[in-house]
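Chemist: For reference, the structure I am asking about is given below.
The values are calculated or read from the model by the stated rules, or taken from the named source; none is laboratory data. These figures come from a predicted structure and were not determined experimentally. Counting neighbours? That spans all protein chains shown, and the Cβs are built from the backbone with ideal geometry, glycine included. Accessible surface areas use protein heavy atoms only, side chains included; no ligands, DNA or RNA. Shrake-Rupley method; radii C 1.70, N 1.55, O 1.52, S 1.80 Å.
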Amino acid sequence: MLKNKVLAGAVLASLLATSNIGPVKALELDEDTRTVTLDSKGNSVVLTAEQVKRGKRLFNNACGTCHVGGLTKTNPNVGLDTESLSLATPPRDSVTSLVAYFKDPMTYDGLDSISEVHPSIKSADIFPKMRSLTDEDLFAIAGYILLQPKVVNEKWGGGKIYY
């Protein structure tokens with residue numbers, strides 16, 4: 001009996017050693033997927049894989065508590081989906097407009113500053129996670145937010161039905 005188990009183990013080890021099974025690689029995003037709107041003039045930018053990775057990490061650390069899956073816990077009617085971002089005043093559907101928002105956030109209608117209640121560079125004394133973020137970090141976070149609808153489709157900003 002023991003001899004059969006040893007033989008079966010040896011055969012299995014031999015099969016695994018000669019097979020092409022390797023470590024699972026993360027999904028690689030193509031250039032089209034990594035292309036997002038840069039500014040209000042319609043210019044675009046292709047994010048590097050490193051910017052996407054960094055944007056995800058920084059978003060999850062600085063924004064993920066209130067914006068899980070692109071929704072907004074404090075106001076579920078306004079998410080981070082493309083439509084919601086484009087309908088804000090001013091529109092927040094480009095990297096530069098999101099970076100401006102991260103620096104000094106405004107209400108959805110654009111009439112009042114909300115920097116005292118929303119994390120921002122302007123209110124970094126109140127929100128410590130914002131203190132160390134550079135312009136490159138803000139760019140990466142904005143790019144990640146704009147990329148997500150292409151990756152997870154309607155789930156991004158879709159609310160409670162998904163998260």
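Chemist: Considering only protein heavy atoms, with the full assembly of protein chains and a 1.4 angstrom probe, order 57, 92 by accessible area, largest first.
Modeler: Output order, biggest surface exposure first: 57, 92.
Chemist: Leaving out ligands, DNA and RNA, what percent of the accessible area of the range 27-162 is carbon and sulfur, probe 1.4 Å?
Modeler: Working: 4200 of 7870 Å².
Carbon with sulfur: 53 percent of the solvent-accessible area.
Chemist: Right, another one. Report the FRET efficiency, 1/(1 + (r/R0)^6), for residue 30 and residue 68, where r is their Cβ-Cβ distance and R0 is 22 Å, rounded to 0.05. Write down the numbers at each step before the final one.
Modeler: Values: r = 26 Å, r/R0 = 1.19.
So, using R0 = 22 Å, E works out to roughly 0.25.
Chemist: Would you mind working out the accessible area per residue for the range 25-163, using a 1.4 Å probe, and quoting it in Å²? Before the final figure, lay out the partial values.
Modeler: Numbers: 8230 Å² over 139 residues.
Heavy-atom SASA per residue in the range 25-163 reads 59 Å².
Chemist: Measure up 41/122; 53/129; 41/129; 41/73 against 28 Å on the Cα-Cα distance and list the ones that go over.
Modeler: On the way: 41/122 26 Å; 53/129 18 Å; 41/129 31 Å; 41/73 31 Å.
In this structure, 41/129; 41/73 lie more than 28 Å apart at Cα.
Chemist: Sort 131, 34, 54 from largest to smallest accessible area, using a 1.4 Å probe on the heavy atoms of the protein chains.
Modeler: Numbers: 131 145, 34 45, 54 75 Å².
Highest to lowest solvent-accessible surface, that is 131, 54, 34.
Chemist: Given the Cα-Cα distance of residue 109 and residue 75 and 0.36 nm per residue of separation, how much length would full extension add, in nm? Provide the component values of the computation, followed by the final result.
Modeler: Values: separation 34, 0.36 × 34 = 12.24 nm, distance 1.37 nm.
Here the answer is 10.9 nm.
Chemist: To one decimal place, what orientation-averaged projected area in nm² is obtained for the convex hull of the Cα set of the range 27-162? Before the final figure, lay out the partial values.
Modeler: Details: hull surface 31.1 nm².
Mean projected area for the range 27-162: 7.8 nm², to one decimal.
Chemist: When the chain is fully extended, how far beyond the present Cα-Cα distance does residue 39 get from residue 60, taking 0.36 nm per residue of separation? Intermediate values should be presented prior to the final figure.
Modeler: Details: separation 21, 0.36 × 21 = 7.56 nm, distance 2.38 nm.
Working it through step by step, the gained length comes to 5.2 nm.
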